[in-house]
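Data first, discussion second: the structure below is written as structure tokens.
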Amino acid sequence: MTGYSHTGPGQQLQIVVVGHVDHGKSTLIGRLLYDTDSLPDGKYEEVKAVSEKRGMPMEWSFVLDAFQAERDQAITIDTTQIWFRTAARPYVIIDAPGHREFLKNMISGAALAEAALLVVDAEEGVREQSRRHAYLLHLLGLRQVAVVVNKMDRVGYAAERFHEVKQEISAYLDSIGLTPTAIVPISARHGDNLARPSYKMSWYDGPTVLTALDGFHPISAPSDLPLRIPVQDVYKFDDRRIIAGRVESGQISVDDQIVFSPSNRIATVKSLEAWGSPQPPIRARAGQPVGITLDEQVFVERGDIISHVSSAPVLSNVFRATLFWLGHAPLAVGNRYRLKLATDEAWVTVEAIEHTIDTQTLADEDADHVDRNGVAEVILRSTEMLSLDAYRANPATGRCVLIDGYETVAGGTVSLEGYPDQRRQKGPKSENLTAVEHLLTADGRGRRNGHRGAVVWFTGLSGAGKSTLAMQVEQRLFALGMQVYVLDGDNVRRGLNRDLGFAPEDRVENIRRVGEAAALFADAGVIVITAFISPYRGDRDKAREAAAEDGFHEVYIKADLETCEQRDPKGLYRKARAGEIKEFTGISAPYEPPETAELVVDTMTHDVEASVDLIVDYIRDRLVIRNRPTAVATGR
């Protein structure tokens, strides 16, 4: 043995070892443990005896391959964790399976790690699983990656072959945004360049594997991120209700005002509790378990997220996710799965598969399903409100898992790009409000006008024909003697909503104001036609709630993206494709078509006149009052 030092004062670091099957991961770890004097007493002799019994040279992979099935098949099935030290620090090293059938275990191992070693065979070069494992490291957010080019003895320790493999793996890692901290040529079986430089590769002057490991940095607990505590449970001790959870990010103190999501209930921290502590703490930071009591009784349940009021998570029932699919049955639009977010669980439906990602070429591909071991960007929708953090904003709470039955079928990361925060205020900001009752009734206005007031809400992509049809329908209804007015998107943004931009939150507020204004028009007996993209179903549902019962009629002006881009009456799609317009619906922001619109008008198959006829006939059938009296109703 080398007698490598066992003293190491540094913070423990968790490392995952990944790579294509048979590229030598377990051999690398076994030899590394031997070279650092980290093998348990008798383990070396045991492995040597087993190797000799099987008539093979010293097989270092037997150090970790704990299952007899693994020894017989010479593959690693489950993840294995083992501890060792260098002069710099202690390590927990995770040996993850390379065979494609055990990718679920590989993901479980990688999710625990702070850094990674990617093993590539010098003879075989970069293989499919090499790329897939590298992409998964990227997907899981690991940014500290070193590459070891193993089995250099098989290629005669040739510098030329090392540089070929180095160039190939560097190009792939660069394409997915990973920069390796080191690329080290080694022979794990013979110990070359593991603990100390090898004279057989004198042409290499870079770090050894141990030096590369010691160059990694432990990821500090994310105390500087917004507070997030997923509630594990609520316990009752004596007369106290203690809310228990682990601080995943940020920090919490006594007297902090906190909000529970998604219920939006607010309370103040009365005390913090720590088991086994002689004195109650006044503060808890990321990584610490904590118990919390409140200044008032608030209903809290497992799965709630605790945060500060000023930096709460997004509330939404729809979000994007990048998923690695592990299920035997394909992922398909319309399928329902159980979603796990921290300690919360909810049913979600796959609303759309935006595209799949080829982990070898990184090409985006359109698909209507995702096969096992595929990567895809999808849209998931829940029937309930979810507390969400984008992975880029908070890795601690930005990961998700899908369950089918009792099987984990996908893991991935959350993205909220293009979707607004649906958090609702607990009540109106203004106080001392008293509703004023009108002396005129809706029936009285309807009899006077000959029709009921209503909101006729046009929705559809830009270029579908909303504004054109709205103006034509307005003219036709006016000629029929009806009280009618159009609220058009561009016109409203010139006045009432001139202070709003096009970010998701501004879109939400834009539609909220229009919905309230349209409801007032309808209450006054006017047929108000709105012509807005209004991309989010949730916002259109709120506009429906603002209108009187049976007074809201959603009209889907239907045209697909390709047709709208060909029309492009305002040149907006061209600018969006050129990157001149950010957050443009259909290109860089989502559009959620109606599921149960009262009327669908397909402008790809109907011309303007036919479309107007459909809408006018619909309005006359539902809003005109037949045989109206001549007397004016006052409502008294």
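General remarks:
- On the beta carbon distance between Ala479 and His438, with R0 = 22 Å, the FRET formula returns roughly 0.15.
- Zone of Ala524's modelled label, taken as backbone nitrogen in segment 473-491 under 15 Å from a point 7 Å along Cα→Cβ: 483-488
- Calculated FRET efficiency for the pair Met604/Glu124, C-beta based, R₀ 60 Å, to 0.05: 0.70
- Legend: residue pairs Lys53/Lys166; Lys466/Lys575; Lys466/Lys542; Lys166/Lys200; Lys53/Lys151, Cα-Cα distance threshold 26 Å; pairs beyond threshold, Lys53/Lys166.
- In terms of its alpha-carbon gyration tensor, segment 148-263 comes out prolate; a/c meets the 1.5 threshold, and the first ratio a/b outweighs b/c.
- Calculated FRET efficiency for the pair Ser382/Ile282, C-beta based, R₀ 41 Å, to 0.05: 0.65
- When both segment 557-576 and segment 295-370 are represented by their alpha-carbon centers, they are found 30 Å apart.
- Linear extension gain, Arg498 paired with His308, 0.36 nm per residue minus alpha-carbon span: 65.2 nm
- Taking 0.36 nm per residue of separation and subtracting the Cα-Cα distance, full extension of the segment from Glu160 to Glu545 would add 131.6 nm.
- Overall, segment 229-311 carries a charge dipole of about 160 debye about its Cα centre when +1 sits on the Cβ of Lys and Arg and -1 on the Cβ of Asp and Glu, all other atoms neutral.
- All C-alpha to C-alpha distances of segment 229-311, sorted into 5 Å bins beginning at zero, yield P(r) values of 3, 16, 29, 32, 15, 4, 1 percent in whole numbers.
- Neighbour-count ranking [beta-carbon atoms within 10 angstrom, fewest first] of Leu227, Leu440: Leu440, Leu227
Just so you know, all these numbers are worked out from the coordinates, no wet-lab data involved. Keep in mind it's a predicted model, so treat the numbers as computed, not measured. Note that each Cβ is placed from the backbone with ideal geometry, even for glycine, and that neighbours are counted across all protein chains shown.
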